[in-house]
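For reference, the structure is listed below as structure tokens.
The values are calculated or read from the model by the stated rules, or taken from the named source; none is laboratory data. None of these values were measured; they are calculated from a predicted model. Ideal geometry is used to build each Cβ from the backbone, glycine not excepted, and the neighbour counts take in all protein chains shown.
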Amino acid sequence: MSIKVINQQATCANIFRIMKEKGLTPVDIQKGIGFASVQGVYKWKFIAEGKPNCKGMPSTDTLFLLADVLGVSIEDIVVRNKINV
């Protein structure tokens, strides 16, 4: 049997691809989703680049906000891969 799981690195890379297409900067995203600082957005960039010791992705709440700011659906942001279990 196979299931779909979220690919964190590809999802974070996808966020930055969409940002680039929309002409948005990390500061635009930070302000749009209400982060106190831009570091959280840059963390996703480090994850996208495969930096060591960088793991994670936006929370579910943040994904909804991010989708609104980017003008896309969550399905457009999240990248899933099939794995066999």
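Annotations for the structure displayed:
- Filtered residues of segment 29-67 (kept if of a type in the set (D, E, K, R), farther than 17 Å from VAL78 by Cα and crowded, with 16+ Cβ neighbours inside 10 Å): none
- The set of residues in segment 60-85 that are out of contact with any helix residue (DSSP H, G or I) (no Cβ under 8 Å at 6 or more places or on another chain), in a helix (DSSP H, G or I) and not charged (D, E, K, R) contains only THR60.
- Residue within segment 52-59 that is part of a helix (DSSP H, G or I), under 11 Å from the mean Cα position of the chain (by Cα) and of a type outside the set (Lys, Arg) present: no
- All positions within segment 14-51 that are more than 14 Å from the chain's Cα centre (by Cα), of a type in the set (A, V, I, L, M) and part of a helix (DSSP H, G or I): VAL27
- Candidates ASN81, ASN53, filtered to the one that is over 17 Å from PRO26 (Cβ atoms) and at pLDDT 90 or above: ASN81
- Comparison of ILE74, ILE83 shows that the only residue that is of a type in the set (Val, Ile, Thr), touching a Phe, Trp or Tyr at 6+ places or on another chain (Cβ under 8 Å) and surrounded by fewer than 17 Cβ atoms within 10 Å (Cβ to Cβ) is ILE74.
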